[in-house]
Amino acid sequence: MGSTGVVGRLAAYEWRRMASLALWVARRRHGVGTGERALGYARAQAPMMYGFAFVALVESVGVGFLLAGLPVVHLVMQVLDVYTVLTVLSFQAAAVTRPHVLGSGGLRIRNGAQLDVWIPLERITSVRYDLRFPKTEEDKRRELERDGVLELAVAAQTCVTVELAEPVVAVKLLGQRVAARTVRFHADEGRAAVAAIREAVARRKEEQEEKEAKGEEEGEGRAVVAPV
């Protein structure tokens, strides 16, 4: 991907993340429709995000006192400090307002404003509670992705593993594509999320079987018997 494409993707990501602050204040969630179930994952990272925001705020106050005699520099640093605090809070806002979503047709797995993966329920062969602490090294992560494993860790952990009959394609922040047959992600209520996904998959399977059976019955009803 060219530099223009990368810049465009980063700008769109920045917009989505900052827009999440407005959704957070309005207590609204993105992409959760009527009858769909939100599976939150932001709770695990909340202490760290709020801690970073507090440190940035304290630093801003300290730098403000030190630069009180330099009004221009003071103003520039204040703007940067406010942006830093908003940036930290936007990470948490994006996680809160963009949860995983379980609907009648599929499972939407998200990582804040950064990654959004759609998994049709028909492709899910198994789902289990599976607490893991993924490797953070870049080469290890790329090796897993080449093997068809996509990990969306929160606070350095995942707890739900979904196995697929066919791969789904995840488009990462800079445009890299990962064809994943195994998706590992975190949910605040991991065991409840697993139970809900299993139930949705079973219901979807039953609906498909009923539809197929109905189609066969209608086909038999329209069959023409040739005279002897």
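Given a 1.4 Å probe and heavy atoms of the protein chains only, how would you sort S20, S104, S60, largest accessible area at the top?
S104, S60, S20
Treating cross-link reach as a plain straight distance, find the lysines whose alpha-carbon is under 23 Å from the alpha-carbon of K205, omitting any fewer than eight places away in the same chain.
Of all the lysines, those that pass the test against K205 - Cα under 23 Å, at least 8 places apart if same chain - are K214.
Please sort through the DSSP H helices of the chain and keep those with an alpha-carbon extent of at least 15 Å along the long axis and a Kyte-Doolittle average not below 1.0.
Going by DSSP H runs, the hits are 46-66, 71-97.
Please state the shape class of the range 73-135: rounded when a/c is under 1.5, otherwise prolate if a/b exceeds b/c and oblate if not, all from the C-alpha gyration tensor.
Judged from the Cα gyration tensor, the range 73-135 comes out prolate (a/c at least 1.5, a/b above b/c).
Given the whole protein assembly as supplied and a 1.4 Å probe, what does the accessible area of H74 come to in Å², nearest 10?
Using a 1.4 Å probe on the heavy atoms, I get roughly 40 Å².
Give the label of the value calculated from the structure for Kirkwood radius over Cα pairs in Å, choosing from (1) 17.8; (2) 17.0; (3) 20.4.
Computing Kirkwood radius over Cα pairs in Å and matching it to (1) 17.8; (2) 17.0; (3) 20.4 gives (3).
Among Q78, Q114, Q45, whose mean-square fluctuation peaks in a Gaussian network model of the chain (Cα, cutoff 10 Å)?
Q78
Using only Cα atoms, what Kirkwood radius does the range 92-203 have, in angstroms?
14.1 Å
Tell me the mean residue ellipticity at 222 nm calculated for the chain from its helices only (DSSP H runs of n ≥ 4, each -39500 (n - 2.57), averaged over every residue, nearest 500).
Calculated from helices alone, the mean residue ellipticity at 222 nm is -17000 deg cm²/dmol.
Put +1 on the Cβ of every Lys and Arg and -1 on every Asp and Glu Cβ in the chain; which of S60, M48, L174 then has its Cα farthest towards the positive end of the dipole?
S60
Taking K172 as the anchor, which lysines have their alpha carbon closer than 17 Å to its alpha carbon, excluding any fewer than eight residues away along the same chain?
Once the sequence-local lysines are set aside, what remains near K172 is K140.
Under a Cβ-only charge scheme (Lys and Arg +1, Asp and Glu -1), can you give me the dipole magnitude of the range 76-228 about the Cα centre, in debye to the nearest 20?
Charge dipole, the range 76-228, about its Cα centre: 460 debye, nearest 20.
The values are calculated or read from the model by the stated rules, or taken from the named source; none is laboratory data. Every value quoted in this text rests on a predicted model; they were computed, and no experiment measured them. All Cβ positions, glycine included, derive from the backbone under ideal geometry; neighbour counts span all protein chains shown. The area values use the complete protein model at the heavy-atom level, side chains included, leaving out ligands, DNA and RNA. Shrake-Rupley method; radii C 1.70, N 1.55, O 1.52, S 1.80 Å.
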